[in-house]
Amino acid sequence: MKILICGKGGCGKSTITAMLGKYLANKGYKVLIVDADESNPGLYRMLGLSKTKTLAEYLGGKQQVKAILNNPELPKTFEEIPEEILSKRENLSVMSIGKIEEPGEGCACPYGVLAKKFLKSLQPKKGEIVLVDTEAGIEHFGRGIDLEVDVIVNVAEPNLESIELSRKIEKLAEKAGLKQIFVLNKALPEILDKVNVKPDVVIPFNQKFIYDSLEGKEIEIVPQIEELWDCISKLSAQDLQQGVP
């Protein structure tokens, strides 16, 4: 299955993606994390893995990507993904679609199209899970990347702007016929009495994440990630009947 994690900038999308990826790999699933954010550099560090060449770089750079998008030959299975764009540890792999590296190089639209085509081409087998970490906001809906996944994890933090954006994400997901889970991240004590939302999963604020990040440490899994996976599994029970091979 394919799971996309989205929300407002700073809400904790990458943190939740990294924790969920580690949790699933520990459970025995074969996990591929796809970094579809053209700016965030920290996902590899959160996983304790080294940065690799992006898919766009492997294909020859942004201009070459533009030239081949009408007829790309992209991987259909995990095994077909080039080793040089993967950073791995046991069951867990991470790769990046493309990054903005130079001033004036133009918009990130080719990377968005490449992400959509890559996800459309890739067909995980039973026991394989793809997690997609998106850029901040909702541009990925406009690009149609969300149409290539099975479940949306809609993340908000407890501020009005983030919650309002998550409500819009909910409406867009409903229009697209997508299953979704709503996660309230960085929740302070008694915050549910202050916000007019009913999250499926609540992850408490943890100052340790800030200190660990400043020290470049790998992310640690919190207990609520198991609850998140339970919610996803219930939504996709039929797809996951075979479970871990």
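The values are calculated or read from the model by the stated rules, or taken from the named source; none is laboratory data. Since the model is a prediction, treat every value here as computed from it, not as a measurement. So basically every Cβ, Gly included, is an ideal-geometry build from the backbone, and we count neighbours across all protein chains shown. Accessible surface is based on the protein model in full, side chains and every heavy atom, while ligands, DNA and RNA are left aside. Shrake-Rupley method; radii C 1.70, N 1.55, O 1.52, S 1.80 Å.
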*Cross-link partners among lysines for residue 51, C-alpha distance below 21 Å, same-chain residues fewer than 8 apart left out?*
13, 22, 30, 62, 88, 99, 217
*What percentage of all Cα-Cα pairs in segment 1-59 are separated by more than 15 Å?*
52
_Among 207, 64, 180, residue whose mean-square fluctuation peaks in a GNM of the chain (springs only between Cα atoms under 10 Å)_ = 207
*Computed FRET efficiency, Cβ-Cβ of residue 218 and residue 88, R0 22 Å: what is it to the nearest 0.05?*
0.90
*Dipole magnitude of segment 1-156, debye to nearest 20 (Cβ charges: Lys/Arg +1, Asp/Glu -1, about Cα centre)*: 420
*Run the accessible area of segment 175-222 with a 1.4 Å probe and give the carbon-and-sulfur part as a rounded percent.*
53
*Determine the alpha carbon to alpha carbon distance for each of 117/175; 126/208; 117/198; 76/234 and list only those over 31 Å.*
126/208; 117/198
*In the neighborhood of residue 10, defined by Cβ-to-Cβ distances under 13 Å, what is the net charge if each Lys or Arg adds +1 and each Asp or Glu adds -1?*
-1
_Looking at the chain as a GNM with Cα springs under 10 Å, which of 25, 36, 176 has the largest mean-square fluctuation?_
176
*Per DSSP H run of at least 4 residues, take -39500 (n - 2.57); add these up for the chain, divide by its residues and hand me the 222 nm value, nearest 500 deg cm²/dmol.*
-10000 deg cm²/dmol
*In nm, to one decimal, how far is the residue 66 label point from the residue 26 one, both placed 7 Å along Cα→Cβ?*
4.5
*Roughly speaking, what % of Cα-Cα pairs in segment 89-207 are separated by over 16 Å, rounded to a whole number?*
68
*How big is segment 62-137 on each of its three principal axes, counting only the C-alpha atoms and giving the largest first in Å?*
41, 26, 26
